[in-house]
Amino acid sequence: MKKKLLITALLVLTGSALAQVSPAGLWKTIDDNTKKERSLIRISEAGGVYTGKIEKSLDPEAKPSDVCDKCTDDRKDKPIVGLPLIRNVKQSADDQALWDGGEIVDPDNGKTYKVRLKPIDGGKKLEVRGYIGMPMLGRTQTWLRVE
């Protein structure tokens, strides 16, 4: 009886821990070149679909009037703060630790890439991989959870 209770408790705790580790939340991005804090990205979930918007610029040189002038889709000339950076991401059917199937835009060059999100370090960090074609042909950034 004690063994069954212990196993049940462990399964509940494990399930709860896994359910809490998702890409949803507020994330701090770090510039690849300067290694300085760049922005805060809010990733939200609605109906199993994850989206991410730039909530705040941390770049002291950024102006509130900055827009995505290099974007080529509906984000063209939209303000950087509030820009929908990530769209249409869902939890992978093949690997429950990954979220993919969507896209991410790089506001610096306006290019859109496929995206894969992977919470790591117990959900304290998020590996964000933008790629063309296959995930092995891309670049990964590590974002830090703020909340």
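The values are calculated or read from the model by the stated rules, or taken from the named source; none is laboratory data. These figures come from a predicted structure and were not determined experimentally. Glycine also receives a Cβ, built like all others from the backbone with ideal geometry; neighbour counts cover every protein chain displayed. With ligands, DNA and RNA removed, areas are computed over all heavy atoms of the protein, side chains included. Shrake-Rupley method; radii C 1.70, N 1.55, O 1.52, S 1.80 Å.
With the cut-off at under 13 Å, measuring from each backbone N in the stretch 103-129 to a point 7 Å along the Cα-to-Cβ line of residue 59 picks out 106-110. Each residue of the stretch 129-140 is assigned a 3J(HN,Hα), and the resulting list reads 10, x, 7, 10, x, 10, x, 6, 9, x, 9, 10 Hz, derived from the Karplus form 6.51 cos²θ - 1.76 cosθ + 1.60 (θ = phi - 60°), x at Gly and Pro. Using a Gaussian network model of the chain in which every pair of alpha carbons under 10 angstrom is joined by a spring, one finds that among 126, 85, 137 the greatest mean-square fluctuation is at 137. Once backbone amide H atoms are built at 1.01 Å from N, residue 98 has 92 as its partners under 5 Å, excluding neighbours fewer than 5 places away on the same chain. Please give the Cα centre distance for the stretch 27-99 versus the stretch 104-147, rounded to the nearest Å. What the calculation gives is 10 Å, centre to centre. Measuring between alpha carbons in the structure, the pairs from 63/90; 76/124; 36/118; 56/111; 90/124 lying more than 28 angstrom apart are 63/90; 76/124. To put it simply, the accessible area of the stretch 34-79 at a 1.4 Å probe is 50 percent carbon and sulfur.
Note: relative contact order over the chain, using C-alpha pairs below 8 Å and six or more positions apart, is 19 percent.
The H on the amide N of residue 85, modeled in the peptide plane, is under 5 Å from the matching H of 52, 53, 54, each at least 5 residues off or on a different chain. Against the set (1) 111; (2) 87; (3) 130, the structure's computed volume of the Cα convex hull per residue in Å³ falls on (3). Spin-label pair residue 70-residue 94: with each label point 7 Å from Cα along the Cα-Cβ axis, the two points sit 3.0 nm from one another. For the chain, the solvent-accessible area with a 1.4 angstrom probe is 64 square angstrom per residue.
Computed per residue of the chain from DSSP H runs no shorter than four, each worth -39500 (n - 2.57), the mean residue ellipticity at 222 nm is -4500 deg cm²/dmol. Here the 3J(HN,Hα) profile of the stretch 78-88, calculated from phi with Karplus coefficients 6.51, -1.76 and 1.60 at θ = phi - 60°, is 8, x, 4, 6, x, 5, x, 7, 10, 9, 6 Hz, Gly and Pro shown as x.
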